[in-house]
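Take a look at the structure below.
The values are calculated or read from the model by the stated rules, or taken from the named source; none is laboratory data. The model shown is predicted, which means the values in this text are computed figures rather than measured ones. Note: ideal-geometry Cβ built from the backbone for every residue, glycine included; neighbour counts use all protein chains shown. With ligands, DNA and RNA removed, areas are computed over all heavy atoms of the protein, side chains included. Shrake-Rupley method; radii C 1.70, N 1.55, O 1.52, S 1.80 Å.
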Amino acid sequence: MQLFWQDLRYGLRSLLRNPGFSAVAILALALGIGPNSAIFTVVNAVLLKPLPMPEPDRVMMVWQTLLKSGFDQLPATAADYLDWKQQSHSFENMSAAFAIPEYGLNISGTGEPERVGAAMCSKEFLPVLRVNPVVGRNFLPEEDSPGGAPAVLISHGLWQRRFHSDRLAVGQTLTVNGIPRTIVGVVPHEVSDMVAADLWLPTAINPNGNERKNHTYGIVARLKPGVTMEQARAEMTMIAQRLEQQYPATNSGWGIRVFPMAEMYSGKIRPVLLVLLGAVGLLLLIACANLANLLLARAASRQKEIAIRGAMGAGRMRIVRQLMTESLVLAFAGGLVGLMLAWVSVRLLRGVIPDMFPTMKQMTFDWRVLLFTFGMCIATCLLFGLVPALKVSRVELNTTLKEAGGRSDSAGGSQRIRGTLLASEVALAVLLSVSAGLLMRSFVRVMSVNPGLRTENILTMNISLPEVKYAKPEQRMTFFKTLMERLQALPGVRSAGAVQFLPLRVSILSFRIGVSGFQIQGHPVLPENEELLADYRPVTDGYFNTLGIALRQGRVFDEHDTLESKRVAIVNEAMVRRHFVNENPIGQVIVTGHTPMEIVGVVGDAKLYGLDAAVEPAIYVAHTQQPNSDMGLVVRTQGDPAALTAAVRNEILKLDAEQPISDVRTMDRVLSDSLMLRRVSMLMICVFAGLALALATVGIYGLTAYSVSQRTHEIGLRTALGANQLQILRLVVGRGLVISLIGAAVGLLAAFQMTRVLAGMLYGVTATDPMVFVSVPLLLIGVSLVASYVPARKAARIDPLEALRYE
């Protein structure tokens, strides 16, 4: 230990004597370690950190599947849930739950009215998670029964915000969508953050019900001790087959999928994070190779020092230990600066993370991140320090001590080792740059997709009418009809409309929302469980005009479409292409549930789930014929849409002084948020590729400059023998170019194999896109030529007389 502290002090003094070298080395390491720590912090929060509950790996999500229609994750019906609960033996408990759509619920009675996120769950939900309320209790069986006492659980955040953490809040009355409910407990913030809800209402499922059509509930279940997930999957598959035989009209073709609950929060972002983690790993390797080259170059000036230490009795391992201690100091200094860069990066990331990934909001520098950074420091020390240390410790004492100034042809390792390291840097930089190029091309392709609707000068917001206050369809219809008239009369408003689910909204859920089965009169009648599927959207008559969704055929909804008139529908072009080939859709009748609707119009395809999502058949129905209480408003303005937020809000308050609004965003912001994950991943890969390119450029420049300094005598001799400047330039630049070509070739081969993992993140671009695979190597070669030219130009101007006297 005493020798280690001695080596440490000597290493610190040595680095302080060379502040320029130390600063460059620490910065290079920080640029490698910092991004790794930042990305690992995200990976830790999303993929590694367990969900906030006991034995989280035993908590499963159970979904229904309809693979023949392409659905591998659908909510379950109440009747199927009850059958699963009764027939399964793999789970110790099972709970039904679902998040109330994006509109949430309105609360009042204690402070200002507001709209909050909400969910419904059965009384088993908290026991399945093995979580107890912070204050109060869970739902009682009689509260989770049809007609039971109105109860509600509130989140820890709502308890703090609205009740100032008063324990007496339990027992108070909170009006939820017009219904007074008794607060019975406060859910811990870990669960409320995970579910993104401030209210939990009991599901109150009727145990005697046999309804098997409305797929509503996500099922959460906890495995029994000793039961594996595979065993549970096998049992649930058997139950699905049994129910299919028992209820062929409704359950034919329906399967069951079981997977860990944690995957629900990481499914969409998992591949992105793994790609980013691989990218920063490559960046770290480039930084280590660069620093190893720097150490090899620096070793040339230390040959005589090492020889003297050897002559005084220091063995080779003693010298290696001293040099590795210096590398360790560099590694930890770079790690410390990198950790600070990571802290800043994580704060920036937290500000741009989409709300659909709630677990990412829990990003912290916990022991895992610190241990990971510590491990990287050790690993980088070995990566960049070991080869130079072994090379420089192998010196010929007599030869080195006789050479003036400590210069040696073998100093710091041969040109071959440095060339290999530099070629590796170029190869890794090519691999990263190709990945960045593919993602950039893909993003450009996505941005060029026509969404089929207008996004500029559009204000959006959500509004949810309380069922008690607006129980009758006429009341809901009158509210929104009057609101549309008031909004269209506002100065600066061109038009206004509403739709049940706003397009382009993104969600952590992988299944489509608002999907309905339908049949076409005159076409072969399909069994009830094999109905055709389409997105189902109630809209007001001004919706299509406001969002600029083009009318292709027929008409849009108007004042003649009322509750008393014949039911009508408008379909999109995707519906026509798929189900009305060589037929005129106008006048055709489609049936949803038991309601026939005549198609009166065809509109253009509009992207509902994102620019990169396929357009599915869609059915639009008149809100005046099917008045819905939860609607998303769209207001087209003449100028800045955000400036009209207050005016729109005031018109809503004039109609109902207790009606809150939520999620106010411009349509441009909605579109931008839908691309957030793709944009962030592309930008981060591009940043990493830029850093890799910069490090490779510095490496090429450094190696060429060092080579020139080592070959000054040779260059002067060549010049004296008649070599001109062009020949000298070709000689010096040629070496850097050969190394770059070798590195680019290796990098292209690696990219051809490894970029296939990006296939799931690409849109409109193949993983072997020729433009990217040609342009990136040309860019790297061009950069290497520039980096080599600067020292080559200096070499070409060497005075032969001075060079021949150069030692």
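Summary table below
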item: Residue match in segment 503-513 (condition: crowded, with 16+ Cβ neighbours inside 10 Å and of a type in the set (G, A, S)); result: yes
item: Scan of segment 427-453 for residues that are open to solvent by 60 Å² or more (accessible area, probe 1.4 Å) and not in a helix (DSSP H, G or I), ordered by number; result: S448, N450
item: Whichever residue in segment 146-176 is of a type in the set (S, T, Y) and under 37 Å from the mean Cα position of the chain (by Cα) and, among such residues, is most open to solvent (accessible area, probe 1.4 Å); result: S165
item: Residues of segment 544-553 satisfying the condition of being open to solvent by less than 50 Å² (accessible area, probe 1.4 Å) and in contact with a Pro (Cβ under 8 Å, 6 or more places away or on another chain); result: L547
item: Tally, over segment 177-207, of residues that are assigned to a loop (DSSP other than H, G, I, E, B) and either open to solvent by less than 40 Å² (accessible area, probe 1.4 Å) or acidic (D, E) (or both); result: 8
item: Unmet requirement for A234, which otherwise passes all of (1) open to solvent by less than 30 Å² (accessible area, probe 1.4 Å); (2) out of contact with any Lys or Arg (no Cβ under 9 Å at 6 or more places or on another chain); (3) modelled with pLDDT of 90 or more; (4) among the aliphatic types (A, V, I, L, M); result: (1)
item: Count of residues meeting criterion [within 24 Å of Q86 (Cβ to Cβ) and at pLDDT below 80] in segment 165-214; result: 8
item: Top-ranked residue in segment 523-543 [being touching a residue at least 60 places away in the same chain (Cβ under 8 Å) and over 30 Å from L66 (Cβ atoms); ranked as most open to solvent (accessible area, probe 1.4 Å)]; result: D541
item: In segment 591-618, residue farthest from Q521 (Cα to Cα) [restricted to those that are of a type in the set (V, I, T) and at pLDDT below 95]; result: V615
item: Filter pass, G218 being under 30 Å from T592 (Cα atoms), touching a Pro at 6+ places or on another chain (Cβ under 9 Å), open to solvent by less than 10 Å² (accessible area, probe 1.4 Å) and not in a loop (DSSP other than H, G, I, E, B); result: yes
item: Test: N106 is open to solvent by less than 40 Å² (accessible area, probe 1.4 Å), within 30 Å of L168 (Cβ to Cβ), in contact with a Lys or Arg (Cβ under 6 Å, 6 or more places away or on another chain) and modelled with pLDDT under 90; result: yes
item: Condition met for V134 (open to solvent by 20 Å² or more (accessible area, probe 1.4 Å), over 14 Å from P202 (Cα atoms) and β-branched (V, I, T)); result: yes
item: Pairs, first on the phi > 0 side of the Ramachandran plot in segment 325-341, second open to solvent by 10 Å² or more (accessible area, probe 1.4 Å) and in a helix (DSSP H, G or I), C-beta under 8 Å, six or more apart; result: none
item: Single condition E651 does not satisfy, out of (1) without any contact (Cβ under 8 Å) to a residue 24 or more places away in the chain; (2) open to solvent by less than 40 Å² (accessible area, probe 1.4 Å); (3) not basic (K, R); result: (1)
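Results for (1) open to solvent by 50 Å² or more (accessible area, probe 1.4 Å); (2) modelled with pLDDT under 90; (3) in a helix (DSSP H, G or I); (4) out of contact with any Leu (no Cβ under 8 Å at 6 or more places or on another chain), shown as yes or no for each residue.
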site: R730; (1), (2), (3), (4): yes, yes, yes, yes
site: R735; (1), (2), (3), (4): yes, yes, yes, yes
site: A750; (1), (2), (3), (4): no, no, yes, no
site: Q753; (1), (2), (3), (4): yes, yes, yes, yes
site: V774; (1), (2), (3), (4): yes, no, yes, yes
site: V786; (1), (2), (3), (4): yes, yes, yes, yes
